[in-house]
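**Q** Right, I'll just put the structure down here and ask away after.
All of the numbers you see were taken from the coordinates with simple rules; none came from a lab. All values derive from a computational prediction rather than experimental measurement. Note that each Cβ is placed from the backbone with ideal geometry, even for glycine, and that neighbours are counted across all protein chains shown.
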Amino acid sequence: MKKRLFEKSALSLALAAILLFTPATPVAFAAGDIAAIERVVVTFHGDAQTQRGVSWFTPEKTRADVQLMKAADYHGIFDNAVPYEGTVSYYAKNYGHRVVLDHLEPGTEYVYRVGDRELGVWSEPGTFVTDAGKDSAFSFLAITDVQAGSEENFQKASELLDKGFETVPDAQFVANMGDFINDCNNEQWDMYFRNFERHHLRATLAPVSGNHDGVPSWFRYQFPVSAAAPSLGLTGDYYSFDYGNAHFAVLNTNDMFPMTSAQVNWLRNDMRASGADWKIVMMHRSLYSAGKNYNKPDTMIMHNRLVPVMDELGIDLVLAGHDHMYFRTKQMKGDQAQETTYIQEVYNGETITFADNPQGTIYVLPNTAGTKRYPVHPETFQKILDAGEVVMQPGRPVFAGITIDGDKLIYNAYAYDIDGTKEIERIDSYAIQKTLSGEPPAPFEPDSTDYASLWRQDLNNLVTLLIRAVIDYCALIPQLIRDAIGNG
Ligand SMILES: [Fe+2]
């Protein structure tokens, strides 16, 4: 991982990288001082049944050691722990430690601690569970856009995730759709990790790169994911993993002007190679939203570029962020709502309405976990408004809980009245049931991985997509005129 960390850095960013790599004066590091171990996080890293990435930071260079035990064998001491060793690298006045935990057993809860075995310095113990495989149900939590800049606002967002775990106590991982911080600096990353430490020590994180998460390479440095081969790592990373009966592709929408063909082709090849029955994409910029960014060229270009790809790949659910409002679409295909039939069934004691073998994709933007919320813009594109099934600003932070159990996907969104009653309200529910194919993925001809020619293609795409965006903007002109007359 260390070897790959900066190998593809672009020349234009070299100066910034040099500044970030210049070591600071070493800070005294006392043995036994666990407070010096910061930003501990476990992420997906390849096979979710057998591998995890773990990273942490120290102000002074120390070893990268991890001790790992099955939770069933752990009774407060790490005497028979399995030792792992990783790499240490310097970035932005910190030493980052990165270890790949491998040869794990599927469906197993583990306890670990990170530190330096020679100094005898260790973190608090943390836990995570491994994926039990295709036949096992699982749940996870989704939040987005913590995007705080103060201790108080990070604390509030972390309180929201407390409520998430209270509501979905069996959540096996947390997906965060990006913008972890507002201004990308050490102070805010420290505040983020300080407030979310208890969550990171509890469950695996699936991080998504947001546009506030820093250039160059901050995301890659903070989160030990196993990046896809063509991911440059400068503006974030893209990667994928199977979990249960679902395949998750995590995109980096920061290289989105337009999204690089390298990434689009990777997504196509990655999804088509998966035998999972549920296909989920997680990304920062949302393809459907009516918040502040509704008419931004990057949002429109990405919409036009990626909606056909989601259609082609048969994606069931797209989770996104960025626009700090709540938006759930109908079943969408080709920008058209699909005729859908529904059935009712009792699941875990609750009568749930399931979309029955629906066509198309559901796009969800679960507001924000933070305090900065954008109002709904009703003057946005008609095709976006027409796609919306639930469109609102609930005025409270939101988390989503998602369960996948065989042929069922159950989605719930909850708002938390953090500044008032401290009550949780379920603000949206949606569920899908579909007949599972049970078939392995069909053979396919992989899309090009000739990156030089793909970059040339990107230039052509940019012109085409800009023209398309201008045409889209024309659709807003009548509304703008009406507004102008109305205001006059
Ligand atoms: Fe954003």
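**Q** If you take the square roots of the eigenvalues of the alpha-carbon gyration tensor of segment 68-206 and sort them as a ≥ b ≥ c, do you get rounded (a/c under 1.5), prolate (a/b over b/c) or oblate? Mind showing how you got there, number by number?
**A** On the way: a/c = 1.93, a/b = 1.16, b/c = 1.66.
Oblate is the answer for segment 68-206, as a/c is 1.5 or above yet b/c matches or exceeds a/b.
**Q** Now for a separate question. Got a sec? Charge dipole of segment 138-433, +1 on Cβ for Lys and Arg, -1 for Asp and Glu; which of Gly395, Ile315, Pro358 is way out at the positive end?
**A** Checking the options against the dipole of segment 138-433, the answer is Ile315.
**Q** While we're on this one: Please order Asp277, Asp79, Asp242 by the number of other Cβ within 10 Å, starting at the fewest.
**A** Final ranking by Cβ density, sparse to dense: Asp79, Asp242, Asp277.
**Q** Ok, one more. What is the Cα centroid distance between segment 256-276 and segment 307-376, reported in whole angstrom?
**A** Here the answer is 20 Å between Cα centres.
**Q** With n ≥ 4 as the cut-off for DSSP H runs, can you work out [θ] at 222 nm for the chain, using -39500 (n - 2.57) per run divided by the number of residues, rounded to the nearest 500?
**A** Numbers: 10 runs with 119 residues, N = 488.
Theoretical 222 nm ellipticity from helices: -7500 deg cm²/dmol.
**Q** Arranged by the count of other C-beta atoms within 10 angstrom, fewest first, what order do Cys474, Cys184 take?
**A** Ordered from fewest to most neighbouring Cβ atoms within 10 Å, Cys474, Cys184 come out as Cys474, Cys184.
**Q** Filter the GluC sites (Glu not before Pro) in segment 271-376 to those in DSSP coil with at most 15 other Cβ atoms within 10 Å of their Cβ, and list the result. Could you put the intermediate results ahead of the total?
**A** Values: sites: Glu312, Glu339, Glu345, Glu350; in loops: Glu339.
Within segment 271-376, the qualifying GluC sites (Glu not before Pro) (loop, at most 15 other Cβ atoms within 10 Å) are Glu339.
**Q** Indicate the gyration tensor shape class of segment 138-433 (rounded, prolate or oblate), computed on the Cα atoms with a ≥ b ≥ c the square roots of the eigenvalues: a/c under 1.5 is rounded; otherwise a/b larger than b/c is prolate and the rest oblate.
**A** rounded
**Q** Before anything else, pin down the relative contact order of the chain: Cα pairs under 8 Å, at least 6 apart, normalised by residue count, whole percent.
**A** That works out to 14 percent.
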